[in-house]
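**Q** Please find one structure pasted underneath; my questions will follow.
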Amino acid sequence: MIEHPAFTVEEWSVRETELHLDLLPQTESIFALSNGHIGLRGNLDEGEPFGLPGTYLNSVYEQRPLPYAEGGYGYPESGQTVINVTNGKIIRLLVDDEPFDIRYGDIQEHERELDLRAGVLRRKVQWTSPTGRAIKVSCVRMVSFTQRSVVAISYEVEPVNAAVRVVVQSELVTNEAMPEKAGDPRVGAVLKSPLICDEHKVEGTHGVMVHHTNVSGLRIGTAMDNLVEGPPDTVIESESYPDIVRVSITAPLKVGERLRIVKFVTYGWSGQRSLPAVHDQVVAALSAARSTGWDGLLAEQRAYLDDFWARSDIEIEGDPEIQQAARFALFHVLQAGARAERRPIPAKGLTGPGYDGHAFWDTEIFVLPVLTLTSPNTVADALRWRHSILDLAKQRARQLGLNGAAFPWRTIHGEECSGYWPAGTAAFHINADIAYAVTQYVSSTGDTAFEEEIGLELLVETARLWRSLGYLDATDWFRIDGVTGPDEYSAIADNNVYTNLMAQHNFRAAAEAVQRYPDKAHTLHVDVEEAANWREAAERMFIPYDEHLAVTPQDETFTEHEVWNMAGTRPEQYPLLLHFPYFDLYRKQVIKQADLVLAMQLRGDAFTPEQKARNFAYYEPLTVRDSSLSANTQAVLAAEVGQLQLAYDYLDEAAFMDLHDLEHNVQDGVHIASLAGAWTALVAGFGGLRSYNGSLSFAPQLPGDITRIAFHIMFLGRRLRVEMTATEATYHLLEGSPLQVRHHGDEITLSVDEPVNRPIPPTKAGPRPTQPPGREPMQRGARTRYTETPDKQN
Ligand code: BGC
């Protein structure tokens, strides 16, 4: 866990003022910069020491065999692993005879700051070499949101106490040596030297390299240029080798003089383009970066983020740590999706190799709903990516003996990469999750062109899958047997309620969309009978209910199973998946992550308020939260059933998952779904935002310490600000034509003329539900994780 004083608490920055070498792996993920296309871990400029070097390009992966002790029909034969591509952020420094290496000599000052408004990572160091030469290094690094292929770095060095001769080596390095992999299934595989050189060139301050992967056949180009400002006798030399391009800049510096390098690095890749084409692509991007210049790129970055924050910022009064965490979370969610452009949004974004760089249902259920209301364009792109892999999903369905499309549980390129089918292929709910994201996007944006072109087909092919996966039984109930729901501690169960409710939604959405676009539906060969079949399946969907306990079982037989021995499980035995066999987890009542509780959030229209409260109280003592995807959902439902302090505690867990490394694995990359979940806990939890069937409702209520929350969203082309205090909510339509919403069930009409105020009714709640012993969330407010509150930054 990362404890004080790792980061200071500020409104718009995450700042580290001391260097803790043991935290480097974690801070590299936290300080990662990305635009969804390029991802740079927050590695030190000089390359060493490192926790894990990391430079990623969305969808650049290598294929590797998936060996099985015992194979089986339909098992995926090969896996896909994100690779560490050419590292363009390396700038090494020699001070007289000593390499600048923070493991040697003394550090007088160290600061790194992730600036959430400027969209840059700043670093300042004052260091004295073992021979007593003191220097200051200031560096600013950016991955451009506006120029998708561009990384820019400003690097300055100046002597402090005596003249020095410095050599700055600005490099492109391919096939870096990587640390070995640990024995945790959540960690990505390490591939040695995955890139083969096609070309390397350098001339003066600029260089280019092109490599390709061996099996996946992708070609990757990287180019750099270095603008040098130094004293007149500065000398520049350059050299290139298959895996290194180096520009060395030597300058004698007197006290008061400095050497500055602005390094532009551009990336491009293709599975189809030729070597000259990829070469030219990165060289062209470099020309564009040079012509915009460093100041221009900074200004563009700021403008892009100003626009983003104007439509998505959350203001929180009364809890500055949550304020910081909420903005940090939104920033990383934006980074993951901003310029992914028809490519997947992986579970770790592009911040680390965890889960092999794969995208899961995390995207559609946790990330896209946030982006739908804050950056809708990114959602259309992410769903276009799903659409682009539809043929592969159809082939997979055929292989499984099913109709329609069976999307992969985890993938980069589109093929199923899960070698563990009970918690992989059997998690068919991903198909309904994609359909859900489509309907949320369309009903929140009104983008009918997208619906017709992309959405309809996704809805139709997923509905077809469900129709063939389930069946009408002798009593005319539509059953979906033998599938795995979100909770991975149960598998191959009959009638998982989450799955059935989401499939029901999928059927209805497909049937309705077919009516709206009959011509397009015709081209997909949907006839009246097929749509009627979907409606019937939705109508007759079997939702089990345990009359005896008066709760909804997670699946048909779940509540009949023995309850896991929670009291006998020691703290070090969590996560259970690393300490117990799956067969034992599967046959007991123990829940890894919100499942039925998530169904009550996404399909809240299918439960009464009383059922929600009863179900929530039943599942709390069984849920161990071994997945970072759980706390945010529990926060939302806790708030809905009036357990505001519990919701606040779960918000804490979702929001600090990465900043405090709660699961001890942030070194493999940040948890994008949990970060998105921090927003969801605030907006859907305390704001009570729900959007069912295209209508927007709120039910604001605040927990103890927080005195005010204000959030912004985009909905049907309008920009809306919702502000709540303990007693009153204020709805302010900032842009767009009048809009009807609900406040605690009452309809109100909003217009730009005047904000609307409404009182917040008192919260009613039963007793606080309990959690498994030792798995209670940390009480928010009882313990402040940071004790120091430095000056706020503007
Ligand atoms: C969770 C899955 C999730 C995956 C990637 C697993 O631990 O159980 O629901 O999709 O992590 O985040």
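**Q** Working carefully through the options 611, 634, 601, find the one that is at pLDDT 95 or above and either away from the ligand (no atom under 16 Å from the Cβ) or outside any helix (DSSP H, G or I) (or both).
**A** Step by step, each of 611, 634, 601 is checked, and only 611 is at pLDDT 95 or above and either away from the ligand (no atom under 16 Å from the Cβ) or outside any helix (DSSP H, G or I) (or both).
**Q** Go through (1) open to solvent by less than 10 Å² (accessible area, probe 1.4 Å); (2) under 15 Å from the mean Cα position of the chain (by Cα); (3) β-branched (Val, Ile, Thr) one by one and return the number of the condition residue 314 breaks.
**A** (2)
**Q** At pLDDT 95 or above, open to solvent by 10 Å² or more (accessible area, probe 1.4 Å) and within 16 Å of the ligand (Cβ to nearest atom), is that true of residue 391?
**A** Answer is no for this residue.
**Q** Out of all the residues in the range 485-500, is one or more more than 15 Å from the ligand (Cβ to nearest atom), open to solvent by 20 Å² or more (accessible area, probe 1.4 Å) and in contact with a helix residue (DSSP H, G or I) (Cβ under 9 Å, 6 or more places away or on another chain)?
**A** yes
**Q** With (1) in contact with a Ser or Thr (Cβ under 9 Å, 6 or more places away or on another chain); (2) assigned to a loop (DSSP other than H, G, I, E, B); (3) surrounded by fewer than 22 Cβ atoms within 10 Å (Cβ to Cβ) as the list, and residue 475 as the residue in question, which single condition is left unmet?
**A** All conditions are met except number (1).
**Q** Just to be sure I understand, how many residues within the range 556-596 are in a helix (DSSP H, G or I) and open to solvent by 10 Å² or more (accessible area, probe 1.4 Å)?
**A** 11
Residues checked against (1) in a loop (DSSP other than H, G, I, E, B); (2) of a type in the set (S, T, N, Q); (3) open to solvent by 10 Å² or more (accessible area, probe 1.4 Å); (4) closer than 24 Å to residue 440 by Cα:
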site	(1), (2), (3), (4)
638	no, no, no, yes
649	no, no, no, no
658	yes, no, no, no
667	no, yes, yes, no
685	no, no, no, yes
732	no, no, yes, yes
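**Q** Within the range 362-376, does at least one residue satisfy the condition of being away from the ligand (no atom under 16 Å from the Cβ), out of contact with any Phe, Trp or Tyr (no Cβ under 7 Å at 6 or more places or on another chain), among the charged types (D, E, K, R) and in a helix (DSSP H, G or I)?
**A** no
**Q** Moving on to the next point. Could you give every pair whose Cβ atoms fall below 7 Å, whose first residue belongs to the range 397-419 and is in contact (Cβ under 8 Å) with a residue 40 or more places away in the chain and within 16 Å of the ligand (Cβ to nearest atom), and whose second residue is open to solvent by 10 Å² or more (accessible area, probe 1.4 Å) and of a type in the set (Asp, Glu), counting only separations of at least 6 or pairs across chains?
**A** Pairs found: 409/416.
**Q** Go through the range 505-525 and count every residue that is open to solvent by 20 Å² or more (accessible area, probe 1.4 Å) and either under 30 Å from residue 611 (Cβ atoms) or part of a strand (DSSP E or B) (or both).
**A** 3
**Q** Take the residues of the range 29-79 that are open to solvent by 20 Å² or more (accessible area, probe 1.4 Å) and part of a strand (DSSP E or B): which is nearest to residue 378 (Cα to Cα)?
**A** So, considering only residues that are open to solvent by 20 Å² or more (accessible area, probe 1.4 Å) and part of a strand (DSSP E or B), the one nearest to residue 378 (Cα to Cα) is 63.
**Q** Is one or more of the residues making up the range 428-437 at pLDDT 95 or above, open to solvent by less than 30 Å² (accessible area, probe 1.4 Å) and in a loop (DSSP other than H, G, I, E, B)?
**A** yes
The values are calculated or read from the model by the stated rules, or taken from the named source; none is laboratory data. It should be emphasised that the depicted structure is a prediction, and the values quoted were computed from it without experimental measurement. Using ideal geometry, Cβ is built from the backbone for each residue, glycine included, and neighbour counts are taken over all protein chains shown. The area values use the complete protein model at the heavy-atom level, side chains included, leaving out ligands, DNA and RNA. Shrake-Rupley method; radii C 1.70, N 1.55, O 1.52, S 1.80 Å.
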